[in-house]
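Data first, discussion second: the structure below is written as structure tokens.
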Amino acid sequence: MSQAVLSAVSKGVFSFALMVVLAGLCALIIRGIVHLLARTQPKAPLVAPELTVPVKPVRDDSAVIAAVIAAAAQATTTPHRIVYLAEQKRSANWITEVRSRHHGGHSPYGR
Amino acid sequence: MPDFQFLDLFQGVATLVQSEPTILIGRIALMGLGVLLIYLGQRGVLEALLMIPMGLGMATANAGVLFLPSGKTGTLFLDPLASGTEEVMTQLQIDWLQPIYTFAFSNGLIACLVFLGIGTLLDVGYVMQRPFRSMFLAVCGELGTLVAFPLGVLMGLIDKQAAATATIGGADGPMVLFTSLILAPELFVPITVVGYLYLGLTYGGYPYLIKLMVPKRLRAIPMPPDTTRSISASEKMVFAVVACLLLSLLFPVAAPLFLSLFLGVIVRESGLSYFYDLFSNQILYGATFFLGLVLGVLCEASTILNPKVLILLVLGIVALTVSAIGGILGGYVLYWLSGGKYNPVIGIAAVSCVPTTAKVAQKVVTEANRNAIILPHALGASISGVITSAIFAAVLVSVLKAG
């Protein structure tokens, strides 16, 4: 083998060995962090065992519809009457939306 | 009838006819390759996000060659050979992709942006739950880089070119781009294109390698349910800060990559939703698009045709295959150490290429046993692979720069 290949082998092996050491160091750091931070965290409160319910509640969409109709019927008897029910259009409120985003834009945790 | 030559009107054809036979064949072949990449990207054989812009860029750059005022031939996309302030400034005002190339490629910005985006996709909690096993597999998954480096020198490359090509074994596109820009800028286009082409093939090729090396009985081993506690966001952030500072302190040459990767991790864990949305969507996919497009455009025949490309093709496939074999062998070591309770397929995920290899591992295992879930373990190995690839690339750059 030529000198250049031998030199490449030695540099490659040295680099690989150094990488192995640093990867091991990374793993040690991770283990250290996990152990250290686990001590500082408050112990989890005891959780009561879950009650077993033989029959699970069933979600009934018709109940939601009934509630909406009831609310609408109730609203017709009050001073504020519903005259029209439809999906909200984005274009109608775009100025408000943009202003809202503009004013809330500096809130780092968003939305 | 105006007095002009027919070929003056259609300069793409004229430059094709008047070029040397090698360039002529090269341009036609690269146009065909570009179309093939689009087809394979569309069919899902290769990574569509990268291959479709790269394929069309490659085909169009080789079709749209014209005579320039200087008498040479070139394109109106970009001139990678432009050097000196005056020439670069002139090209910036002529070639539409020159600004992206000059301001984002030459300095590695595009690689850092992709890495920033990748960082936001990484849940380091998977590594932190089982650090030693993940890092062990990741180290085994770097075997391809170790083998391909001296092999490249043996095949006639200089050590820096061989090392840059060998980093394809780390299976991280941005890392290959970054390393080749530092160590072998004269070959960074073919090295990066070869790297991305092969990385795109891992999804299709690795399942065959796994099935070849791991019998179905072992592929079906279910991993026991996790008993380790879940890692909090604060712990992940502490790890990211410590690792970023420590690695940057050791290898300043790769500090931009470390900062990008761990900043992405911290943005993910900090709950800064505006930044998270920006980096994991617009920045990551925008950078990927321009990376593919500019790499494709750079594959103009007169620029890319180099006898060394064949060596790069061989080295790239050797590096990725040996890394995969190394990862699976690492999986076997853990299988034996655990008394037959560890699924050796997880080792393939250590070849990084996050999250593709982890998904490949889960897919192959599911074929053997529908109830076996190995994805959390595979993701841990895969994310560790990103970290070890960055460390190995940084060590190689430092060693070769120093020597």
> In whole Å, what three semi-axes, largest first, describe the equivalent ellipsoid of the protein assembly as shown built from its Cα gyration tensor (square root of 5 times each eigenvalue)?
Replying inline: 44, 36, 23
>> Taking each residue in B:134-141, count the Cβ atoms of any other chain within 10 Å of its Cβ, then average. What number comes out?
In response: 4
> Restricting attention to the alpha-carbon atoms of chain B, what are Rg (one decimal) and Dmax (integer), both in Å?
Replying inline: 22.4, 87
>> Based on alpha-carbon centroids, what's the gap between the range B:201-221 and the range B:158-186 in Å, whole number please?
In response: 28
> When ranked by the protection proxy of mean other Cβ atoms within 10 Å per residue, highest first, what sequence do the peptides B:149-158, B:71-80 form?
Replying inline: B:149-158, B:71-80
> What's the average, rounded to a whole number, of partner chain beta-carbon atoms within 10 Å of each residue's beta-carbon in B:124-133?
Replying inline: 3
>> Please list, by residue number, everything in the range B:85-113 whose backbone N is under 12 Å from a paramagnetic label point 7 Å out along Cα→Cβ of B:Lys72.
In response: B:87-88, B:91
> How do the peptides B:245-252, B:285-292, A:13-20, B:192-199 rank, highest first, by the average count of neighbouring beta carbon atoms within 10 Å per residue?
Replying inline: B:192-199, B:285-292, A:13-20, B:245-252
> Across peptide B:265-272, how many C-beta atoms of other chains are within 10 Å of each residue C-beta, on average?
Replying inline: 1
>> Suppose each label sits 7 Å from its Cα in the direction of the beta carbon; what would the B:Leu212-A:Val13 distance come out to in nanometres?
In response: 2.7
>> Rounding to the nearest 10 and keeping the result within 0 to 90°, find how far the Cα-based axis of helix B:375-402 lies from the longest principal axis of chain B.
In response: 60
> Sorting B:Thr15, B:Thr321, B:Thr366 on the 10 Å Cβ count, fewest up front, what's the list?
Replying inline: B:Thr366, B:Thr321, B:Thr15
> Which angle from 0 to 90°, rounded to the nearest 10, does the C-alpha axis of helix B:173-183 make with the longest principal axis of chain B?
Replying inline: 60
> Distance in nm between label sites at A:Val21 and B:Ile94, each 7 Å beyond Cα in the beta-carbon direction?
Replying inline: 5.2
>> Please arrange B:Ser384, B:Ser270 by how many other C-beta atoms lie within 10 Å of their C-beta, fewest to most.
In response: B:Ser270, B:Ser384
> Label B:Thr85 and B:Gln282 with points 7 Å out from Cα along Cα→Cβ: what is the distance between them in nm?
Replying inline: 3.3
> Which pairs, out of B:Lys236/B:Lys341; B:Lys236/B:Lys363; B:Lys341/B:Lys363, put more than 21 Å between their alpha-carbon atoms?
Replying inline: B:Lys236/B:Lys341; B:Lys236/B:Lys363
> Which order results if B:Ile168, B:Ile28 are arranged by neighbouring Cβ count within 10 Å, fewest first?
Replying inline: B:Ile28, B:Ile168
>> Please give the Cα centre distance for the range B:273-289 versus the range B:322-341, rounded to the nearest Å.
In response: 35
> Could you give the distance between the Cα centres of the range B:66-92 and the range B:1-62, to the whole Å?
Replying inline: 19
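Read-outs throughout are calculated quantities, based only on the coordinates presented, and are distinct from any laboratory measurement. It should be emphasised that the depicted structure is a prediction, and the values quoted were computed from it without experimental measurement. Neighbour counts run over all protein chains shown; Cβ positions are idealised from the backbone, glycine included.
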